[in-house]
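One structure below.
The values are calculated or read from the model by the stated rules, or taken from the named source; none is laboratory data. Fair warning: this is a prediction, and the values are worked out from it, not measured in the lab. Please note: Cβ atoms are built from the backbone with ideal geometry, for glycine as well, and neighbour counts cover all protein chains shown.
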Amino acid sequence: MKRAVSNNSAAASAVKSGSRPLHVERALRERKIDEVERRERSGKFGIYGGKFVPETLISCLGKLEADFNYVLHDAEFQVCGAGYYLKREDLNHCGAHKMNNAIAQAMIAKRMGRQRVVAATGAGQHGVATAAVCAKLSLDCIIFLGSEDMEKQASNVFLIKLLGAQMTRVEGSFKDASSEAIRQWMNDLEGSYYLTGTVVGPRPCPCMVREFQSIIGRETRRLAMKRWGGWPDAVVACIGSGSNALGIFHEFVGDEGVRLVGVEAAGSGLDSGRHAATLATGHVGVYHGAMSYLLQDQEGQVLGAHSVGVGLHYPGVGPELSFLEDTMSRIPYRHRRRSSERKLCPTLPDSTKVVVNCSG
């Protein structure tokens, strides 16, 4: 009798305090879940929702709903596959990996006593980064940009001018802008500094850019060790002339267990003549002061590159990447119009860790 009184007292106390016994809470929670599931199945939320459509759509919508409910409980549909991680170089100041190199080279220019920096840019990101560091270090700055690229990169052109740099338009694309920038530098070797943004050109330019961009790979290794206690199984990077690719590849070249995947732009197709897949279809030649693979015709004349990605409009590739292409079978170069994941994903086990370099 005392126990019953005690239970009644506890219930009264629970009601008075606003709380409910555990079994009551559980029952109410299950009822709410059932109500939500019924609403989901009916497609209505009280008086809201429904299927107020022409009769001709009823069958189509019914099939869509049936397939939707099926895949929600289909184990194969829920398979996640390999783990993909993004190295977000696009979050750097000025929106790209280009800042890694621009800061270091501008400091060298200052150390050498140069008063003016000359640079060429394609997508505009190297131009913005160079203009920014020159403004910071009180250096005059001239940026050369191809007319074809200038029309596509209006926002970067605006930023370059806003940062106080002189913007010079060159007829053509990035390769033409690079040639003009080099000529400008040669006219004033004592007062000017040619700040190259990629791993092409005469020695020591490719080594300098690769060294300053290799921070990408070192950070990737450190972050991978912190995240899962090892390094990636595969590293993927796009390849134009090669600065972002070498920046992340260089750290892992000596690691046999890391698969390095370079992705070139196939443009309208490798057989169309309108692409930027230099390593896939190019031949050895000399361009902008260095020997490397180039897009060229049978007479040795350099061809134009084509891609929707403005930053890939270059008919050559860095000499170090050419060397790796010849000596290392671990770096397959895939040639895609859209993305490499469609070919890479199905070949990888679920436990694979893949890092994709988002260069900006």
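Is there a residue in segment 115-134 that is of a type in the set (S, T, Y), in the same structural domain as R183 (by TED's automatic domain parsing) and assigned to a loop (DSSP other than H, G, I, E, B)? Show your work before the answer.
Residues of segment 115-134 that are of a type in the set (S, T, Y), as a first pass: 121, 130.
Imposing the further condition that a residue be in the same structural domain as R183 (by TED's automatic domain parsing) reduces the set to 121, 130.
Restricting the remaining residues to those that are assigned to a loop (DSSP other than H, G, I, E, B) gives none.
No, that holds for no residue.
Restricted to segment 220-251, and to residues there that are surrounded by fewer than 24 Cβ atoms within 10 Å (Cβ to Cβ) and touching a Phe, Trp or Tyr at 6+ places or on another chain (Cβ under 6 Å), the residue that is nearest to K353 (Cα to Cα) is A224.
Scanning segment 45-91 for residues that are under 30 Å from A123 (Cβ atoms) and at pLDDT below 90 returns A82, G83, Y84. Note on segment 102-119: residues that are out of contact with any Lys or Arg (no Cβ under 9 Å at 6 or more places or on another chain) and surrounded by 17 or more Cβ atoms within 10 Å (Cβ to Cβ) amount to 9.
When each of D271, D255 is tested for being touching a Phe, Trp or Tyr at 6+ places or on another chain (Cβ under 8 Å) and either acidic (D, E) or part of a loop (DSSP other than H, G, I, E, B) (or both), the lone residue that passes is D255. State whether one or more residues within segment 161-184 are of a type in the set (S, T, N, Q), in contact with a strand residue (DSSP E or B) (Cβ under 7 Å, 6 or more places away or on another chain), loosely packed, with under 14 Cβ neighbours inside 10 Å and assigned to a helix (DSSP H, G or I). No, segment 161-184 has no match at all. Of the residues that make up segment 78-86, is at least one without any contact (Cβ under 8 Å) to a residue 40 or more places away in the chain, within 24 Å of Q166 (Cβ to Cβ) and not in a strand (DSSP E or B)? The answer is no, given that none of the residues of segment 78-86 is without any contact (Cβ under 8 Å) to a residue 40 or more places away in the chain, within 24 Å of Q166 (Cβ to Cβ) and not in a strand (DSSP E or B). Among the residues of segment 331-360, those that are at pLDDT 80 or above and among the polar types (S, T, N, Q) comprise S351, T352, N357, S359. Within segment 187-218, the only residue that satisfies the criterion of being out of contact with any helix residue (DSSP H, G or I) (no Cβ under 9 Å at 6 or more places or on another chain) and part of a helix (DSSP H, G or I) is C205. V235 satisfies every condition listed in (1) under 20 Å from V286 (Cβ atoms); (2) in contact with a Leu (Cβ under 7 Å, 6 or more places away or on another chain); (3) not in a helix (DSSP H, G or I) except (1).
Can you give me the number of residues within segment 282-294 that are over 20 Å from G197 (Cα atoms) and part of a loop (DSSP other than H, G, I, E, B)? Step through it out loud before you land on a result.
Filtering segment 282-294 for residues over 20 Å from G197 (Cα atoms) gives 282-285.
Okay, now just the ones that are also part of a loop (DSSP other than H, G, I, E, B), so 282.
Of the residues in that region, 1 qualify.
Just name the residue that is surrounded by the most Cβ atoms within 10 Å (Cβ to Cβ) out of those in segment 252-269 that are of a type in the set (D, E, K, R) and over 18 Å from the mean Cα position of the chain (by Cα). Spell out the reasoning first.
So the first thing to find is which residues in segment 252-269 are of a type in the set (D, E, K, R), and the list is 255-256, 259, 264.
Filter once more, so that each one left must be over 18 Å from the mean Cα position of the chain (by Cα): 255-256.
Details: D255: 14, E256: 8.
Selected residue: D255.
Looking at V286, V258, which is the one that is touching a residue at least 12 places away in the same chain (Cβ under 8 Å) and at negative phi? I'd like the intermediate steps shown before the answer.
Details: V286 fails: touching a residue at least 12 places away in the same chain (Cβ under 8 Å).
Only one candidate passes the filter, namely V258.
Pairs linking a residue in segment 265-282 that is on the phi < 0 side of the Ramachandran plot to a residue that is assigned to a helix (DSSP H, G or I) and surrounded by fewer than 22 Cβ atoms within 10 Å (Cβ to Cβ), with Cβ atoms under 9 Å and 6 or more positions apart or on different chains, are A266/A280; L270/A280; L270/T281; H275/T281; T278/S322; L279/S322; L279/E325; G282/S322. With respect to the conditions (1) basic (K, R); (2) free of Cβ contacts under 8 Å to residues at least 24 places away in the same chain; (3) under 20 Å from Q153 (Cα atoms), R183 falls short on a single one, namely (3).
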